[in-house]
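The values are calculated or read from the model by the stated rules, or taken from the named source; none is laboratory data. This is a predicted model, so every value here is computed, not measured. When we count neighbours, we look across all protein chains shown, and the Cβ atoms used for this are built from the backbone with ideal geometry, even at glycine. To get the accessible areas, we keep the full protein, side chains included, count just its heavy atoms, and leave off ligands, DNA and RNA. Shrake-Rupley method; radii C 1.70, N 1.55, O 1.52, S 1.80 Å.
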Amino acid sequence: MESGNNINWYPGHMAKARRQMEEQLKLVDIIIELRDARIPSASGNPLIKELSKNKPVLVILNKADLADEKKSLLWKNAFEHCLLTDSVDDHLTKKVVDEVKLILKDKLEKAKARGIRKKVLRAMVVGIPNVGKSSLINRLAGKKAAKTGNKPGVTRGKQWISLGEHMML
């Protein structure tokens, strides 16, 4: 290979996903980034930080029951907004909705001042393949709303899923 020739390796499906995220960011109030608590750094996508510069991000460190508790607490403190959880947490939906409301407190107060009593918050769930996005969505929704599988790319399309009257994913 001659020097000076650069190979651009950025698969088309990744470019498409980036474009879709950029388009959908206009429709959401917050980004929920799912990471694996056992490998928080390696299970994060640096692109999310770049794309979310104008939106708050709630990082959920999933599978915390399988991770080292002391290290997980250190990681939790490394993020501005972070929850430690596992996919069998019976109170997960309440924890996530309460945390989102806390993060978006100012936005909710502005809506209330304008006479909007029940502002529906919209969130985008993001994360690398096989980190458990669909499982998290299903757990939050309390039903099988997103298809799951033990291989990447099972859930490909975007969809809106209601978490009651307070939030849409």
At a threshold of 8 angstrom on Cα-Cα distance, excluding pairs fewer than six apart, so keeping six or more, what relative contact order does the chain reach in percent? 23 percent
If one takes the longest principal axis of the Cα atoms in the chain, at what angle in degrees, from 0 to 90 and to the nearest 10, does the Cα axis of helix 12-24 lie? 30 degrees
Please label the shape of the range 62-116 as rounded, prolate or oblate, based on the square roots a ≥ b ≥ c of the eigenvalues of the alpha-carbon gyration tensor (a/c under 1.5 means rounded; beyond that, a/b larger than b/c means prolate, else oblate). oblate
Once every DSSP H run of n ≥ 4 in the chain is given -39500 (n - 2.57) and the sum is divided by its residues, what mean residue ellipticity at 222 nm do you get, rounded to the nearest 500 deg cm²/dmol? -10000 deg cm²/dmol
Considering the values (i) 115; (ii) 151; (iii) 141, which represents volume of the Cα convex hull per residue in Å³ as calculated for the structure under consideration? (ii)
In terms of the alpha carbon gyration tensor, root eigenvalues a ≥ b ≥ c, rounded if a/c is under 1.5 and otherwise prolate when a/b exceeds b/c or oblate, the range 33-103 is oblate
Tell me, what is the per residue accessible area of the range 1-139 in Å², probe radius 1.4 Å? 65 Å²
Need one value: the accessible area of ARG35 in square angstrom, 1.4 angstrom probe, rounded to the nearest 10. 30 Å²
Quick check on packing: order 69-76, 158-165 by the mean number of other C-beta atoms within 10 Å, highest mean leading. 69-76, 158-165
By per-residue mean of other Cβ atoms within 10 Å, what is the highest-first order of 94-103, 58-67? 58-67, 94-103
7 Å from Cα along Cα→Cβ at both ALA113 and LYS71: what's the point-to-point distance in nm? 4.5 nm
